[in-house]
Amino acid sequence: MGKFVLKRLLALIPTILIIVFVVYFILDLTPSSPGQLILGQMATEEAVEAKNIELGYDKPFLVRYVKYIIQLFQGDLGTSWVTGKGVLESVFARFPVTVTLSAGATVLGIVIGVLLGILAAVKQYSIFDAAGTTLAMILASFPAFWIGMMLVILFAQELGWLPSYGTGSIAHYILPWFTTACAFIASQLRMTRTSLLESIRMDYVRTARAKGQKESVVIYRHALRNALMPVVTMAGMNFGTLLGGTVTVETVFTLNGVGTLILTSIRSKDVPVVVGAIVILAICYTLVMLVVDILYGFIDPQVKARYIKN
Amino acid sequence: MEEKKTLLEIKDLEVIYQTDEATVHAVNGINFSLNEKETIGLVGETGAGKTTTALTILRLLPERTGRIKGGQVLFRGENLLDKSVPEMRRVRGAEISIIFQDPMTALNPALTVGDQVLESLEIHNTAGKSKQELNARVDELFNLVGIPAERKAEYPHQFSGGMKQRIVIAIALACAPQLLIADEPTTALDVTIQAQVLKLMENLKEELGTSMIIITHDLGVVAETCDKVAIMYAGEIVEAGTVEDIFNGKEHHPYTVGLFNAIPNLDEKEERLRPIDGLMPDPANLPQGCKFGPRCPHFTEACKAQTPYIYEEKEHRIMCNLFKKEAADE
């Protein structure tokens, strides 16, 4: 198992090299002058030029790329061209908000989505099934920002129960959590339903029933456990995606998360922040997927056996 | 000789599968009975309604489509079809167990085999035995079916097909049921393993005094293990009797004759096998009168008109008009 984890962590290195290359390359396609950004519009042309040379911006793309990679592996993500603060510092300042938002939404999505999915599968073709699948379709079709605004109008403006912006307390997170979780609930519900319907038809479920086992235990112990693989995969992927992809929700609720940071940095061509933030997110995503893979081992003894063998 | 007690009696059982497209008549009014410590073989082609009969006895038919249209399943005098769901759960696994056809998929891949045997014991642990006692019983069962008890902590994927079938048998026998239904227990296994598993089941039957229903399409299995035989065709029992009646009796249903002709005979020089021509009728659209009629070499207009004559001699029953004529001739 330890060997397996180590292997996966080593696989992070080529992943990072590729990600940095792609991001760096794309940002390089649009003309930019870091000297101008740092010194401001009022700086003289000579000063800007000198700054660009100091930053190594007169060098070709590949040279800059290699230099950045070397710095990166020394743990130096550079400083922001706009604010002058360390990239690591600015990303981590935003990180708690994003993680709270993503983790809360993931938990909500798993709990609600899986429960409704189980209900829909166990009572296939019943009203619960129809209601569940319809709900999933509705949740998946409405864009998050629209759902967010509707929730704000209802719960913040009309009823006045919850705050509509900021990050002061748990109450501040309730609306963003639900808004983010919507699409997630939908996918989780559908995945659980499909996967469980498949495993309910397996022979071993019939074996369990033939033992005289209670239906609830048959579903939980025999059917659900074997249906969890795709559900866990999807939950992990969703969580990973949320870490960097909650920009719309962050905007609606004026939360200062990593998503917003990346977006503003792209607009202002603050290359070190963009690349740094994306690298950090990529590492987080890989770690989440690693956790998912380890969870597989707990769900399926066959996978675990394979991990140990490798 | 002591009077044999009837354990299971099936009367006029009729089962259909109702789907949006069609009504499939899977079992059409079958009757048979089984005494204590007896083994009956249900023989027939795929789709003859053998498995449906087995699932009906345990009330494990698919909930949405399977419907029991009529008849009775009397187990020790009580009609299982009248029992409530919780009552039925106490019968399943404890008094009547089933071994399903494919051992490869019959075990839960996520649980250790020991836990799966233990589960059966835990469900029916009415005596309130301790966990230790139950675990000791699991070891005992593993030894009984010939698997080292140390392997109980392993998962199904670590066992071969024959070993898995042994575990399935251990699960079925865990609570010492009075009736064991074996649904094609050896079909999915290769020949050498088949013999082992049959031998094992035969030994267990003798040791434990369990009655058995063996579902198979293999007449060899029947000859080796059964006391009684019921030949099923298109949801009906076309011929039933003791093993002696079926294998050595004079009179036979044309379908039974066909089945025997389809077995290669080593003593006679035969160019090729003689299979029964045609296919089993679509159970959603059964022919009128005798269901075997369209494939029968002795088919007459009379067979089409009404349900066939039932010939009876002691326990031997044949559902065929051939014997009506003979009765009239005499």
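Candidates A:Gly276, A:Gly257, A:Gly244, A:Gly240: the one that is surrounded by 17 or more Cβ atoms within 10 Å (Cβ to Cβ), under 28 Å from A:Pro143 (Cβ atoms), touching a Gly at 6+ places or on another chain (Cβ under 8 Å) and away from chain B (no Cβ under 14 Å) is A:Gly244. Counting residues in region A:59-72 that are at pLDDT below 85, in contact with a strand residue (DSSP E or B) (Cβ under 9 Å, 6 or more places away or on another chain) and open to solvent by less than 40 Å² (accessible area, probe 1.4 Å) gives zero. Of the residues making up region A:194-213, none is among the charged types (D, E, K, R), closer than 30 Å to A:Thr254 by Cα and in the same structural domain as A:Val107 (by TED's automatic domain parsing).
Tallying residues that are without any contact (Cβ under 8 Å) to a residue 40 or more places away in the chain and in a loop (DSSP other than H, G, I, E, B) within region B:124-178 yields 10.
So, in region B:194-218, how many residues would count as being within 14 Å of B:Val145 (Cβ to Cβ), outside any helix (DSSP H, G or I) and open to solvent by 40 Å² or more (accessible area, probe 1.4 Å)?
Within region B:194-218, the first condition is being within 14 Å of B:Val145 (Cβ to Cβ), and the residues that meet it are B:196-205, B:207-208, B:210.
Add one more test, that the residue is outside any helix (DSSP H, G or I), and what stays is B:210.
Now narrow it down to the ones that are open to solvent by 40 Å² or more (accessible area, probe 1.4 Å): none.
Qualifying residue count, region B:194-218: 0.
Looking only at region B:98-125, residues that are facing chain A (nearest Cβ under 7 Å) and open to solvent by less than 10 Å² (accessible area, probe 1.4 Å) come to 7 in all.
Can you tell me how many residues within region A:85-99 are open to solvent by less than 50 Å² (accessible area, probe 1.4 Å) and assigned to a helix (DSSP H, G or I)?
Summing the residues that are open to solvent by less than 50 Å² (accessible area, probe 1.4 Å) and assigned to a helix (DSSP H, G or I) in region A:85-99 gives 6.
Looking across region B:47-94, the residues that are more than 13 Å from chain A (Cβ to nearest Cβ), open to solvent by 20 Å² or more (accessible area, probe 1.4 Å) and of a type outside the set (A, V, I, L, M) come down to B:Gly47, B:Arg67, B:Lys69, B:Gly70, B:Gly71, B:Gln72, B:Arg76, B:Gly77, B:Glu78, B:Asn79, B:Asp82, B:Ser84.
One residue alone among B:Leu81, B:Leu74, B:Leu61, B:Leu55 is assigned to a strand (DSSP E or B) and in the same structural domain as B:Ile263 (by TED's automatic domain parsing), and that residue is B:Leu74. For region A:214-226, the condition of being at negative phi, outside any helix (DSSP H, G or I) and surrounded by fewer than 17 Cβ atoms within 10 Å (Cβ to Cβ) holds for at least one residue. Of the residues making up region B:145-183, those that are farther than 19 Å from B:Gln196 by Cβ, open to solvent by 40 Å² or more (accessible area, probe 1.4 Å) and more than 11 Å from every other protein chain (Cβ to nearest Cβ) number 4.
Selection of region A:155-181 for residues being buried (at least 21 other Cβ atoms within 10 Å of the Cβ) and either of a type in the set (Ser, Thr, Tyr) or in contact with a strand residue (DSSP E or B) (Cβ under 8 Å, 6 or more places away or on another chain) (or both) yields A:Tyr173, A:Thr179, A:Thr180. Could you say whether any residue in region A:121-129 is open to solvent by 60 Å² or more (accessible area, probe 1.4 Å), within 14 Å of chain B (Cβ to nearest Cβ), assigned to a helix (DSSP H, G or I) and in contact with a helix residue (DSSP H, G or I) (Cβ under 7 Å, 6 or more places away or on another chain)? Yes, region A:121-129 contains at least one residue that is open to solvent by 60 Å² or more (accessible area, probe 1.4 Å), within 14 Å of chain B (Cβ to nearest Cβ), assigned to a helix (DSSP H, G or I) and in contact with a helix residue (DSSP H, G or I) (Cβ under 7 Å, 6 or more places away or on another chain). For the structure I just gave you, tell me whether A:Leu281 is surrounded by 20 or more Cβ atoms within 10 Å (Cβ to Cβ), closer than 19 Å to A:Phe239 by Cβ and within 13 Å of the chain's Cα centre (by Cα). So A:Leu281 passes the test.
Total residues in region B:84-113 satisfying the condition of being in contact with a Leu (Cβ under 8 Å, 6 or more places away or on another chain) and in a helix (DSSP H, G or I): the figure is 4.
Among the candidates B:Val191, B:Val221, B:Val229, the residue that is outside the structural domain of B:Ala110 (by TED's automatic domain parsing), over 27 Å from B:Leu80 (Cα atoms) and open to solvent by less than 50 Å² (accessible area, probe 1.4 Å) is uniquely B:Val221. Scanning region A:154-169 for residues that are touching a helix residue (DSSP H, G or I) at 6+ places or on another chain (Cβ under 9 Å) and assigned to a helix (DSSP H, G or I), we see that the one that is farthest from A:Thr251 (Cα to Cα) is A:Phe155.
Scanning region A:177-202 for residues that are within 30 Å of A:Met150 (Cβ to Cβ) and within 11 Å of chain B (Cβ to nearest Cβ) gives no hits.
Checked against the criteria, B:Asp139 does not count as surrounded by fewer than 21 Cβ atoms within 10 Å (Cβ to Cβ), within 11 Å of another protein chain (Cβ to nearest Cβ) and in contact with a helix residue (DSSP H, G or I) (Cβ under 9 Å, 6 or more places away or on another chain).
With respect to the conditions (1) free of Cβ contacts under 8 Å to residues at least 40 places away in the same chain; (2) open to solvent by less than 20 Å² (accessible area, probe 1.4 Å), B:Gly44 falls short on a single one, namely (1). If the condition is being over 19 Å from B:Leu118 (Cβ atoms) and either more than 7 Å from every other protein chain (Cβ to nearest Cβ) or under 33 Å from the mean Cα position of the chain (by Cα) (or both), then region A:203-222 contributes A:Glu215, A:Ile219.
The values are calculated or read from the model by the stated rules, or taken from the named source; none is laboratory data. This one's a predicted model, so the numbers in the text were calculated from it and none came from an experiment. All Cβ positions, even for glycine, are placed from backbone atoms using ideal geometry, and neighbour counts span all protein chains on display. For the accessible areas, the whole protein counts, side chains as well, though only heavy atoms, and no ligand, DNA or RNA atoms are used. Shrake-Rupley method; radii C 1.70, N 1.55, O 1.52, S 1.80 Å.
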